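What follows is one structure encoded as structure tokens, with my remarks underneath.
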Amino acid sequence: MQNLIRIPDLNPTEQNLLDELVVQWRAKRTRNNLRTAFYDMKNSERSLMGQAVPEVVRRRRFVLGWSSIAVDKLNRRCNLDGFYDVSGNDLGALGLNDLMTSNRLTSELSQGGVSSLIHAVSWLVTTQGDTQADEPAVLINARDASTATGVWDVRRRAIRSFLSITDMDDDGEPVGMVMYLPNLNVTMTKVAGKWLVERREHRYGVPVDPLRYKPRVGRPFGSSRISRAVMSIHLQALAAMIRADVNGEAYSLPRYVLLGATEQAFRNADGSPKAAWQAAWDAVWAVGDDADAPSDALARADVKQFNGQSPEPQNAHLRMLAQMFSGETGIPVGELGLIGDANPTSAEALLASRDDLIAEAEQTTDGWSPDVSSSVTRALAMLNGDDLPDDLDLRPRWRNHMHVSRAAAADAGTKVVDKLPWLAETEVGMELMGLTEDQIRRALADRRRAQGSGVLELLRSTAANQADADAAGA
């Protein structure tokens, strides 16, 4: 079969698995690249066409960012604030803080979230690092669907095999790949036209977890946020924007009807015919009298003027498309750059307008959470040599989806603590008030030291009083 990659040093089972993965990657590649282009706004350009448009206007390029807004507005409400253990184990003692710092895990997961929304799925790959090469002891890398693919095991609800393309040549063909199989990583590198294979065994199964957006039965890897409907509305809005721009250039120019003019009025000084746009856009016309006219009334050309066209039809069409896009994505029309007829005027109305987007963010993080937990738990197992507490139940902690910024989330949390004052003395209450894990640990440590100092001072005072009493009794 064409487009398969034959590697002599693979055994038949490995080669068959590689063939399955490569075929799937190629089958999805075109649509993945298309959605990437929509997000990057690289294929969202349209040239102005038509002979009645000046060349300077026709050369313009137009770009619309609605598809990227559809992704980014949702991802900004899916903010990871850290992890916690349901059983209360000290995750810092297990190396979680070092793991997050060395892998820049918050940023890595955010990037993986963006790719998940663009392509329907991204991947978290957990591997042991090469410390001699200054790598972290454990690596968690996010991979997107344009350079990776996997096969889903329906019964186990996990990845059965996975291919990560680490390098490509100038033609876009893989020259570096890693295939992840149960308890085995197979690294394949093409050097001087020959494939070199290196195998590395481990005990962590297939160390890959998918971040999926809207998975469903029959489509386990989910659907893209940049759906067919989103792309269709995007292109229609781009066309409407172009028409509005052309209309904006031309509608203020008056339109004329020239009666009684000869053909010479539409020719240049050298006798060549004027371009259609030049005749339409000329600011001054000088038309001589016709000496051969049968009467004086017909000798002079007569100019009739019409008012320019209004841009409102194009603007109304663009507003309609913005409303359709809002209905498809849950993003308020006002956040698409248009002012609607009924924009929210109060904080409550503004929050209500974002209700669909907030619900979407909650559902998205609910879907991501098990796989994020699995990836980080596996990383901690690698970091600790599998010596983890039996009751370890690590969970990600997401910021309140109603608020994008930490300040807004902290303000909302403070209102909760005000109603339940006893929460202020707990870690949960401190989290609600916006304190980071480091700040919570430092605050609790300071309180313990202060309490310890108070107890010590009390003991000293009691001992001194007792000594004074004994001396007085003697």
Q.
I need Y84, Y39 ordered by Cβ neighbour count within 10 Å, fewest first.
A. Y84, Y39
Q. Once the Cβ-Cβ distance between D130 and V151 is put in as r, and R0 is 30 Å, what FRET efficiency do you end up with, to the nearest 0.05?
A. 0.60
Q) What is the sum of charges around R160, taking Lys and Arg as +1, Asp and Glu as -1, for the other residues whose C-beta is under 12 Å from the C-beta of R160? A) +1
Q. What is the fewest-to-most order of S326, S227, S107, S375 by other Cβ atoms lying within 10 Å of their Cβ?
A. S107, S227, S326, S375
Q: Quick one: what are the phi-derived ³J(HN,Hα) couplings along the stretch 104-109, Karplus 6.51/-1.76/1.60 with θ = phi - 60°, whole Hz, x for glycine and proline?
A: 6, 5, 4, 5, 4, 5
Q) Hey, rough spin-label estimate for L4 and V86, points 7 angstrom out along Cα→Cβ, what's it come to in nanometres? A) 4.5
Q) Separation between the S223 and D72 pseudo-spin-labels, each 7 Å from Cα along Cα→Cβ, expressed in nm? A) 2.5
Q | Modelled FRET efficiency - R0 22 Å, E173 with A27, Cβ distances, 0.05 increments | A | 0.90
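Every read-out reported here was derived from the displayed coordinates using simple, explicitly stated rules and does not represent laboratory data. For clarity, every value in this text was computed on a predicted model and none was experimentally measured. A quick note on method: Cβ atoms are made from the backbone with ideal geometry, for glycine too, and the neighbour counts reach across all protein chains shown.
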